[in-house]
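Q: My structure is below; once you've seen it, I'll send some questions.
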Amino acid sequence: MGQFAEIFLGILTAMGGFVEIGELTFTLKAGSHFSYQLLWVIALATVGIMVYCEMAGRVAAVRKRAVFSLIRERDGFRLALLTLVAATVVNLLTCTAEIGGVAMLWQLLSDWPYRGLAALAVAFFLLVVWFLPFSGIERTFGLGGLLMIVFMAAALKGSPDWGQLAAGFVPRAPQLEGPRDGLLYAYFAVALMSSVMLPYETYFYASGGIEDQWKPSDVGLNRIVVFVGFALGSLLAVALIVLGADYFGPRSIEPELPGTAALGVSATFGQVGLVMALLGMFFAFAGAAIETALSSAYNLAQFAGWPWGKARKPREAGRFTLAWIVTFVLAGAFIQTGVNPVDVVEYSIVFSVVVLPLTYFPVLMVAGDKRIMGKHANGWLANALGWSYLVAITLTALAAIPLFLLTHGGRG
């Protein structure tokens, strides 16, 4: 495949895989509660995920090192083990939420029992990951997720207030109705930051670069895919906030469930828009479920030094294969307890913030080390951004759980 085609597919895949059930839920709710006032968080977090994914991808291309092998080397066994446990729990919660989201979508289309559909979803994911190669998984669900663009079209069709929209990208004191709203605003700011900078995205991206056999000559490809793909993907997140502000907010609709999220599109484009929205959400949620399950397996194998990778036959990487199978099975079993996927989304998004500093610190250290990276080490801008974001996400991590408790999970 030509270099241009590879870049083009990479950009589309990154864009299509940008939004999953947590980001969908929190962007729509943030828009419905605070209109355009939290758009600046999306912009800030998008630059952050670009910075760290570019570093992780560059390390993968130059040194063939994935994120968790760096964490083990840089943080030491105990802190790396803590990070592994926390990341595994967050991945499991996220995978559970995505499987629940897929089952909800299927229920809307079939009216079959939810728990039965969740079991079918687990079986579907097991078959997909077993039989499809890594590139097939990445492109099928990334490109399918591009159907989410219908949300962007609906937001534009609603004629947003462009002046207010532009003002939303400038951090300022929010317009609030009471002191409780201040806590709620802070909670949604933290949740949006986490939903964009979910750690599994970095784990999966760096491991995927090794799966795709990136070389030092692919550093430029990595940079283009990250910057352009994630920038375009963030436009979709912006559109979801706009849709929440212009459609759900004025109607006092709480857009928590996937079916409710599709209302704004169906009201604008009718049945065709509804089908596109449901299909787009399916590919986005399914892709995220697969990425989190594989990320859990990548992390465990890289930490323990096991052979890993979708490119290997299952018998050549048996423990890696068993790890992603167990992740799907445990997530499916969690769904069968009757847990509400929306609640799981909130827990996974908020508690993933705690993992961010532990994940990104070793990436920053290795990417900036000239003894390891040579001419591909961080420049002054990458270092400045990396350290600035490390401080920001550390403060965010400290605030996440208190805000979650004080706002009762964003319910005021």
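One line per residue, one yes/no per condition, for (1) closer than 29 Å to ALA56 by Cα; (2) at pLDDT below 95; (3) among the hydrophobic types (A, V, I, L, M, F, W, C):
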position: VAL226; (1), (2), (3): yes, yes, yes
position: PRO250; (1), (2), (3): no, yes, no
position: GLY259; (1), (2), (3): no, yes, no
position: PHE269; (1), (2), (3): no, yes, yes
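Q: So which of PHE303, PHE351, PHE320, PHE361 is over 24 Å from GLY100 (Cβ atoms), of a type outside the set (Ser, Thr, Tyr) and within 20 Å of the chain's Cα centre (by Cα)?
A: Testing whether each residue is over 24 Å from GLY100 (Cβ atoms), of a type outside the set (Ser, Thr, Tyr) and within 20 Å of the chain's Cα centre (by Cα) leaves just PHE361.
Q: If you don't mind, there's one more thing I want to ask. Write out, first by first residue and then by second, each pair whose Cβ atoms fall under 7 Å of each other, whose residues are 6+ apart or on separate chains, and whose first residue, in segment 23-38, is farther than 12 Å from SER194 by Cβ while the second is at pLDDT 95 or above and of a type in the set (Phe, Trp, Tyr).
A: Hits for this filter: zero, empty list.
Q: If a residue has to be under 30 Å from LYS375 (Cβ atoms) and aliphatic (A, V, I, L, M) to count, how many in segment 207-262 make the cut?
A: 9
Q: Hey, another quick one. Tally time: how many residues in segment 374-397 are of a type in the set (A, V, I, L, M, F, W, C) and either at pLDDT below 90 or part of a loop (DSSP other than H, G, I, E, B) (or both)?
A: 2
Q: Another question about this same structure. In contact (Cβ under 8 Å) with a residue 12 or more places away in the chain and assigned to a helix (DSSP H, G or I): is that true of PHE169 in this structure?
A: no
Q: For residues that are crowded, with 24+ Cβ neighbours inside 10 Å and among the hydrophobic types (A, V, I, L, M, F, W, C), tally how many sit in segment 241-260. Can you show your working first?
A: At the first step, the residues of segment 241-260 found to be crowded, with 24+ Cβ neighbours inside 10 Å are 241-245, 255, 258.
Those still in the list that are among the hydrophobic types (A, V, I, L, M, F, W, C) too: 241-243, 245.
Residues in segment 241-260 being crowded, with 24+ Cβ neighbours inside 10 Å and among the hydrophobic types (A, V, I, L, M, F, W, C): 4 in total.
Q: Then there's this: Which residues, counting only those in segment 310-327, are buried (at least 19 other Cβ atoms within 10 Å of the Cβ), outside any helix (DSSP H, G or I) and in contact (Cβ under 8 Å) with a residue 40 or more places away in the chain? Full working, then the answer.
A: Step one: of segment 310-327, the residues buried (at least 19 other Cβ atoms within 10 Å of the Cβ) are 310, 317, 320-321, 323-324, 327.
Still in the list and also outside any helix (DSSP H, G or I): 310, 317.
Listed by number, the list holds a single entry, LYS310.
Q: Can you report the number of residues in segment 203-240 which are β-branched (Val, Ile, Thr) and crowded, with 24+ Cβ neighbours inside 10 Å? Spell out how you get there, then give the answer.
A: Narrowing segment 203-240 to residues β-branched (Val, Ile, Thr): 210, 219, 224-226, 228, 238.
Those still in the list that are crowded, with 24+ Cβ neighbours inside 10 Å too: 225-226.
Number of matching residues: 2.
Q: Considering ARG74, ARG78, ARG115, ARG63, which residue is surrounded by fewer than 24 Cβ atoms within 10 Å (Cβ to Cβ), under 21 Å from PRO258 (Cβ atoms) and of a type in the set (D, E, K, R)?
A: ARG115 is the lone residue from the list that is surrounded by fewer than 24 Cβ atoms within 10 Å (Cβ to Cβ), under 21 Å from PRO258 (Cβ atoms) and of a type in the set (D, E, K, R).
The values are calculated or read from the model by the stated rules, or taken from the named source; none is laboratory data. All values reported here derive from a predicted model rather than from experimental measurement. Here Cβ is always computed from backbone atoms with ideal geometry, including for glycine, and neighbour counts include all displayed protein chains.
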